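One structure below.
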Ligand code: PAF
């Protein structure tokens, strides 16, 4: 596996692969890779002939006071994992390579409705930062398909929308969240948890599962189930940011008549913000 740091080298390597008739798959990441990322790369190797991954901690998607500076940077270990997973090319640019004219005047991509609420409410500008960097990366790599984790459910919806709205000929694939044995969704931010916090963290997924089970059993008083679960999270020592039931395709607040639902949560455990979700299609599970 080759690692390149410039757009020029990236384009040359991808052009070589294309000239050999290869289909290109892309897995964008911010590094500090775990089994969830490895699953995305493995999936890509099954779908295309040439897999490109990127590692870039994108300053444009972090707000003031967020964890940009302490976000773990573990390039050597990440390279090893990508190599083992069968990745062919790693693009690991500097901030200057991605934003040569700085970020202030950078052209932005915004996906207005899907970016509002949920993570967009507590992280203003976050999805504009994600949409902008993903658009830039897509233009640099020009893949046939790109693979993202469903753990970032709202992000995946934003990316699907921008690809559709901007007529990008890229197939977007969402892969199921990879979880630890106790249900905690794998995340680079889990490394910030103390031993005690890590022991408490599975309560987040347990809460989602309880809501999902209640809905499957016919519960439709969404405000009541949500407020009971918020109390449960608080009792476990978390500070919920949001816990909501939305329509899985549009992300609008769910009505009792909806069949395709997603339950989404963000909650702070100490200073670490955990997010997770559970997709519940009542027609598929009936
Ligand atoms: O999900 C992530 O790791 C990032 O938001 C992404 C998609 C790589 C954009 O920086």
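Every read-out reported here was derived from the displayed coordinates using simple, explicitly stated rules and does not represent laboratory data. Just so we're clear, the structure is a prediction, and the values are computed from it rather than from any experiment. Note that we place each Cβ from the backbone using ideal geometry, even for glycine, and neighbour counts take in every protein chain shown.
Report, to the nearest 10°, how far helix 126-141 tilts away from the longest principal axis of the Cα atoms in the chain, using its own Cα long axis and a range of 0 to 90°.
With both axes taken from Cα atoms, the answer is about 30 degrees.
To the nearest 10 degrees, how steep is helix 75-85 against the longest Cα principal axis of the chain, on a 0 to 90 scale?
90
Figure the gain on full extension for residue 228 and residue 199 (residue separation times 0.36 nm, minus the Cα-Cα span) and round it to one decimal in nm.
Stretched fully, the residue 228-residue 199 segment lengthens by 8.3 nm.
Which of these, 237, 25, 36, has the largest mean-square fluctuation under a Gaussian network model of the chain (Cα springs below 10 Å)?
Of 237, 25, 36, the Gaussian network model singles out 237 as fluctuating most.
Counting alpha carbon pairs within less than 8 Å and at least 6 residues apart, what relative contact order, in whole percent, applies to region 85-163?
31 percent.
For the chain, what is the mean residue ellipticity at 222 nm derived from helices alone (per DSSP H run of n ≥ 4: -39500 (n - 2.57); sum divided by total residues; nearest 500 deg cm²/dmol)?
Mean residue ellipticity, 222 nm, calculated: -12000 deg cm²/dmol.
Over region 55-208, how many percent of alpha carbon pairs lie in each 10 Å bin up to the one with the longest distance?
Each 10 Å bin holds this share of Cα pairs: 9, 32, 41, 16, 1.
Relative to the first principal axis of the alpha-carbon coordinates of the chain, what is the inclination of helix 35-47, with its axis defined by its Cα atoms, in degrees from 0 to 90 and to the nearest 10?
Here the helix axis deviates by roughly 60 degrees.
Alpha carbons only, please: Rg and Dmax for region 1-112, in angstrom.
Looking at region 1-112, its Cα Rg and Dmax stand at 14.9, 46 Å.
How high is the FRET efficiency from residue 164 to residue 206, r the C-beta distance, R0 30 Å, rounded to 0.05?
With R0 = 30 Å, the Cβ-Cβ based efficiency is 0.30.
With the chain treated as a Gaussian network of Cα nodes joined by springs under 10 Å, which of 215, 245, 24 yields the largest mean-square fluctuation?
215
Determine, at each q value in 0.14, 0.16, 0.18 (inverse angstroms), the log₁₀ of I(q)/I(0) that the Debye formula gives when each Cα of region 188-286 is one equal point scatterer.
-0.51, -0.65, -0.80
Starting with the fewest neighbours, write out 94, 272 ranked by other beta-carbon atoms found within 10 Å of each beta-carbon.
Lowest to highest Cβ neighbour count: 94, 272.
Normalised radius of gyration for region 210-250, please: alpha carbon Rg relative to 2.2 N^0.38 Å, two decimal places.
With N residues counted in region 210-250, Rg over 2.2 N^0.38 Å equals 1.23.
Label points 7 Å out from Cα along the Cβ direction at residue 173 and residue 47: separation in nm?
For the pair residue 173/residue 47, the computed spacing is 0.4 nm.
Quick one: compute the contact order of the chain, relative version, from alpha carbon pairs under 8 angstrom and 6+ residues apart, as a percent.
Relative contact order, the chain: 16 percent.
For a quick check: sort 119, 87 by the number of other beta carbons within 10 angstrom, fewest at the front.
Final ranking by Cβ density, sparse to dense: 119, 87.
Fewest Cβ neighbours within 10 Å first, please rank 276, 67, 283 accordingly.
Fewest-to-most Cβ neighbours within 10 Å comes out as 283, 67, 276.
Ratio of alpha-carbon Rg to the 2.2 N^0.38 Å globular estimate for the chain, to two decimals, please.
Dividing the Cα radius of gyration by 2.2 N^0.38 Å gives 1.02.
For the pair residue 249 and residue 106, how long in nm is the line joining their label points, each one 7 Å along Cα→Cβ?
Going from the residue 249 label point to the residue 106 one covers 3.3 nm.
Need one number: nm distance between label points at residue 242 and residue 19, each 7 Å from Cα along Cα→Cβ, rounded to one decimal.
4.8
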